[in-house]
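J.: Take this structure first; my questions come after.
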């Protein structure tokens, strides 16, 4: 008989909202594990704080920030509040953990560096009028901060060799964006990417912070213009705002307004797109196995896409891969989704709709993908839905049934 998996080993996730309450859930069963009360206003940031490998206490911690200008560390194994910080001058908008250094950063009107015991190690010596909206880790003890339309590079340095005292130094300010930066993310150890309110996508070198690629033709990818030419926008800015990224070694997937765009990092160009992938702004996307992509939108929809070579397209695509495997949603295309035909616009691939997840009635803020354990979606309709792989769950039920019959002595196989 197989050894049972401990519930503690199952994946867990946390959800938080405008009521200031944080919930911890079991991603396998959908069971609520803990309810964390400590904030008095809406949650503005949340992140996991993993234990060090050398640490004897392996309890999983999470950090939460709130509009009440506090940050709290919670123990996910006991459900208890570990410690609370309430010395901020403004709302903390983002949290980032630098696990290698065992410190965490908070971004608001200041950039602050903290240790695991919530001691303030150092902070910036000046305030930002607009505040830090996003933070990512870069090599050589650096971080990139999005502050309005500026990208600011900071370096964490120790005052003396072996000292526990740290300092944070502003290294560079980059003003290449013409509007506010809405998205900031790592591509790999050598590159990172930013996206702006008016549809500017810039790929940066993570070591010297120079521009590697620039793209601003998302409203019409057929216009592969010279980089020196100025492109005039004819769309409303919210229709081309870049809200989220995901990537693999070859492609960068961007949520641009209501559309999805696939950017080839080597070719430095858009190679596939769905200009109207959803009816409203896309808020979150994630890469799945087998060249598939999942996206969610303000219109309450979750859709699954497949990146296909154009020569592989047939008259009517047959649902395959992730949609067929999960066994939910609908197969038929919406009225506004037409059958793809080869286009003379330089794109070499196509994003094909292969499935919808129908269940929410309001804006879907984000989702989490747990591979074999399923998918979790979080919506403004106050619902959290756990979606399961139908084929896998059916197989597991069959195995459990056969195991029970065998244990009860009722399983007789004749040959």
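The values are calculated or read from the model by the stated rules, or taken from the named source; none is laboratory data. Keep in mind that this is a model prediction, so the values were computed, not measured. Cβ placement follows ideal geometry from the backbone for every residue including glycine, while neighbour counts extend to all protein chains displayed.
J.: For region 69-114, give me every one of the strands (runs of 3 or more DSSP E) that falls completely inside it and has 2 or more residues that are touching a residue at least 40 places away in the same chain (Cβ under 8 Å) and surrounded by fewer than 17 Cβ atoms within 10 Å (Cβ to Cβ).
T.: On the way: elements: 71-75, 81-85, 94-98, 103-107.
Passing ranges, in order: 81-85.
J.: From 138, 156, which residue is touching a residue at least 60 places away in the same chain (Cβ under 8 Å) and crowded, with 18+ Cβ neighbours inside 10 Å? Talk me through it step by step, then tell me what you get.
T.: Working: 156 fails: touching a residue at least 60 places away in the same chain (Cβ under 8 Å).
Only one candidate qualifies: 138.
J.: Okay, next question. Is there a residue being surrounded by 14 or more Cβ atoms within 10 Å (Cβ to Cβ), more than 21 Å from the chain's Cα centre (by Cα), closer than 25 Å to residue 367 by Cβ and modelled with pLDDT of 90 or more anywhere in region 44-58?
T.: Checked region 44-58: no residue is surrounded by 14 or more Cβ atoms within 10 Å (Cβ to Cβ), more than 21 Å from the chain's Cα centre (by Cα), closer than 25 Å to residue 367 by Cβ and modelled with pLDDT of 90 or more.
Matching residues to (1) exposed (fewer than 15 other Cβ atoms within 10 Å of the Cβ); (2) out of contact with any helix residue (DSSP H, G or I) (no Cβ under 8 Å at 6 or more places or on another chain); (3) under 14 Å from residue 357 (Cα atoms); (4) at pLDDT below 95:
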| position | (1), (2), (3), (4) |
| --- | --- |
| 265 | no, yes, no, yes |
| 303 | no, yes, yes, no |
| 315 | yes, yes, no, yes |
| 328 | no, no, yes, yes |
